[in-house]
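The values are calculated or read from the model by the stated rules, or taken from the named source; none is laboratory data. Here the structure is a predicted model, which means the values were calculated and not measured. Neighbour counts run over all protein chains shown; Cβ positions are idealised from the backbone, glycine included. Accessible surface is based on the protein model in full, side chains and every heavy atom, while ligands, DNA and RNA are left aside. Shrake-Rupley method; radii C 1.70, N 1.55, O 1.52, S 1.80 Å.
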Amino acid sequence: MKLDSQLNYHMQAPENPVSTTPVVLIHGLFGDLNNLGVLARDLQQYYPVIQVDVRNHGSSPWIDNIDYHDMAQDIISLLDHLKIQSAIIIGHSMGGKIAMTMTAQAPERIEKIILIDIAPVAYQVRRHDKIFTALNKVTEAGVKTRQDATKIMQEDIQEEGVIQFLLKSFRQGEWKFNLPILINQYEKIIGWQEIPAWPHPALFIRGGLSPYIQEEYRDDIVRQFPQAKAWVIAGCGHWVHSEKPDAVLRAIHRFLNTDVGSCEKQKIS
């Protein structure tokens, strides 16, 4: 299902880029274009950087569908609008699945992809049910302030960092994401349809404490991304770019050959 209008985005380019190939940053579930801001602020010193709000998030259009095929096409349509023929795509979690789907729809237009703590698999565990419960309670209570919302959310969510992340999308009593659609189509979000092998560079960055990339997914990754490499960032979970941004950026720069740091890498295959 196509959008009626373009995705909301922010683009910034350095005066003397290392490469003119733009980097597109795609956030995850419940997020917006600011969520990967720590990466954008660094990368825009070297590359044109585009941050996007995916459909049903941030200031992008809300629509009664959140299928990966359509969300990938949204990004491709934005590249068309900006007259960009080739791009590097970086996605976290759900955004990573959007990036991977793009390689099936426009394989010749993706130079490299970087997937932050996500694998090309259908997950069997519902990890967000408590979050959905908390978000609904805030909505039903009709509260307007983040302070009041925090008190309600603490009944179901113990991780203060998760609460603060979610509250970044709380404005005057409204969520900046389409909560009913995210709940209704959650199985699509955690699901996955296998895609054809994409024989170009792919980097999978995993939080060492995160369950999202497991050894059992190795065959799935290599089958779909035969040039895949992996970095494990020790001591952090799913929001690895927020917990250890310097380590993530070192991995990204090594992979993109801007080489502003060093870290150990391992080949998946």
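Below, the figures for the structure above:
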{"item": "For residue 224: the one exception among (1) closer than 14 Å to residue 120 by Cα; (2) open to solvent by less than 10 Å² (accessible area, probe 1.4 Å); (3) without any contact (Cβ under 8 Å) to a residue 60 or more places away in the chain", "result": "(3)"}
{"item": "Criterion violated by residue 40 - all others in (1) open to solvent by less than 30 Å² (accessible area, probe 1.4 Å); (2) out of contact with any strand residue (DSSP E or B) (no Cβ under 8 Å at 6 or more places or on another chain) satisfied", "result": "(2)"}
{"item": "Qualifying positions in the range 65-82 - open to solvent by less than 30 Å² (accessible area, probe 1.4 Å) and more than 15 Å from the chain's Cα centre (by Cα)", "result": "65, 70, 76, 78, 79"}
{"item": "Matching residues, the range 101-159, being under 22 Å from residue 27 (Cβ atoms), of a type in the set (A, V, I, L, M, F, W, C) and free of Cβ contacts under 8 Å to residues at least 60 places away in the same chain", "result": "102, 106, 132, 134, 135, 138, 149, 153, 157"}
{"item": "Complete set of residues in the range 167-176 that are within 21 Å of residue 243 (Cα to Cα) and either open to solvent by 60 Å² or more (accessible area, probe 1.4 Å) or at pLDDT below 95 (or both)", "result": "168"}
{"item": "Criterion (over 24 Å from residue 187 (Cα atoms), polar (S, T, N, Q), assigned by the TED database to the domain that holds residue 208 and in contact with an Asp or Glu (Cβ under 9 Å, 6 or more places away or on another chain)) met by exactly one of 77, 93, 86", "result": "86"}
{"item": "Residue in the range 198-213 that is surrounded by 15 or more Cβ atoms within 10 Å (Cβ to Cβ), modelled with pLDDT of 95 or more, over 19 Å from the mean Cα position of the chain (by Cα) and basic (Lys, Arg) present", "result": "no"}
{"item": "Residue that is more than 27 Å from residue 104 (Cα to Cα) and either at pLDDT 95 or above or in contact with an Asp or Glu (Cβ under 7 Å, 6 or more places away or on another chain) (or both), where the choices are 143, 222", "result": "143"}
{"item": "Criterion (closer than 21 Å to residue 72 by Cβ and part of a helix (DSSP H, G or I)) met by exactly one of 182, 249", "result": "182"}
{"item": "Residue check, residue 209 assigned by the TED database to the domain that holds residue 88, among the aliphatic types (A, V, I, L, M) and touching a residue at least 40 places away in the same chain (Cβ under 8 Å)", "result": "no"}
{"item": "Failed item, numbered, when residue 183 is tested on (1) touching a Lys or Arg at 6+ places or on another chain (Cβ under 7 Å); (2) open to solvent by 50 Å² or more (accessible area, probe 1.4 Å)", "result": "(1)"}
{"item": "Residues of the range 114-161 satisfying the condition of being surrounded by fewer than 14 Cβ atoms within 10 Å (Cβ to Cβ), within 18 Å of the chain's Cα centre (by Cα) and of a type outside the set (Lys, Arg)", "result": "122, 161"}
